[in-house]
Amino acid sequence: MTCHRLLLLADMNVPLHVWDRELGLRFRNLFRSCWDRVPADVRQAVLFFWGSKGDGVLPRAEFSDVWGDSHCSCGQVRYSGLEMRFSESAFRALLGPGRTQVNTVEAAAFVIAHELAHVYQKALGFRPGGINEADNEAEADEFATSWGFDDSLFRAIQLVAQEHGDDFEYACKTINSLGGESS
Ligand SMILES: [Zn+2]
C-alpha cells in the first residue's frame, strides 16, 4: 500500500494522506464542497485555530483503513482538533463506484460536517470530550444540522449498519434498495 499526499483544502496547506488515490480524490472533493457549505465565520475560526496551533506536522487529515476504529467508526477527530481521520471503507460504501444516489452522498457529507463540527468545538476552546461524550456528540450533530446538512439518511444507514456488525457496505445497499427510484 502506498500513501499519497493530497491537499485537504484549497485555502490552507493541510495534508490529506490517502491510500486509495482515486477514492481519496473523490473524498477530498466532497470534503471541499462541504467546507464551502459551512458558514464563513466557522471556516475562519477553524483556519485561524489550525494556523495558530499548527506545528509543521499538524494539522493533518487521513483517509484510510489503517487507524484503530476505522472498521467501526466513519470519522474521528484527535489531537485536540488538529487531526481528522476518515474511514476509507465507510466512504467506499457511501461513495463507491457505480453508486449514483445523491442521497448517499448527503449521508457522507453529514459525516464530514459532524467531524468538522468537532474541530470547531476545539477552535472555540471546548475541553476535549466536552462536558461529557454524549453532549459533545449531540452538539456536533446540532452544529452540522444548523449548517444545513441533513442527518436523516446517515442515521438510517448507521442504524442498519449497527444491527449488522458495523457493515456500512451492507447498510448502504439496503438503504439504496429501500429508497428505490424515489431519490
Ligand atoms: Zn462525533
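Summary of computed values
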{"read-out": "Vicinal HN-Hα couplings computed from phi for region 35-47 (Karplus, 6.51 cos²θ - 1.76 cosθ + 1.60; Hz; Gly/Pro x)", "value": "3, 5, 8, 6, x, 4, 5, 5, 4, 4, 4, 5, 4"}
{"read-out": "Degrees, to the nearest 10: 168-179 long Cα axis against longest axis of the chain", "value": "60"}
{"read-out": "The chain - percent relative contact order, Cα under 8 Å, separation 6 or more", "value": "19"}
{"read-out": "Counting DSSP beta bridges with both ends in the chain, the antiparallel % (nearest 5)", "value": "50"}
{"read-out": "Sorted by Cβ density within 10 Å, fewest first, the residues Leu9, Leu25", "value": "Leu25, Leu9"}
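Read the figures in this text as sums done on the coordinates, not as results from a lab. Not measured: the values here are computed from a predicted model. Positions of Cβ are generated from backbone atoms using ideal geometry, with glycine treated the same way; all protein chains shown enter the neighbour counts.
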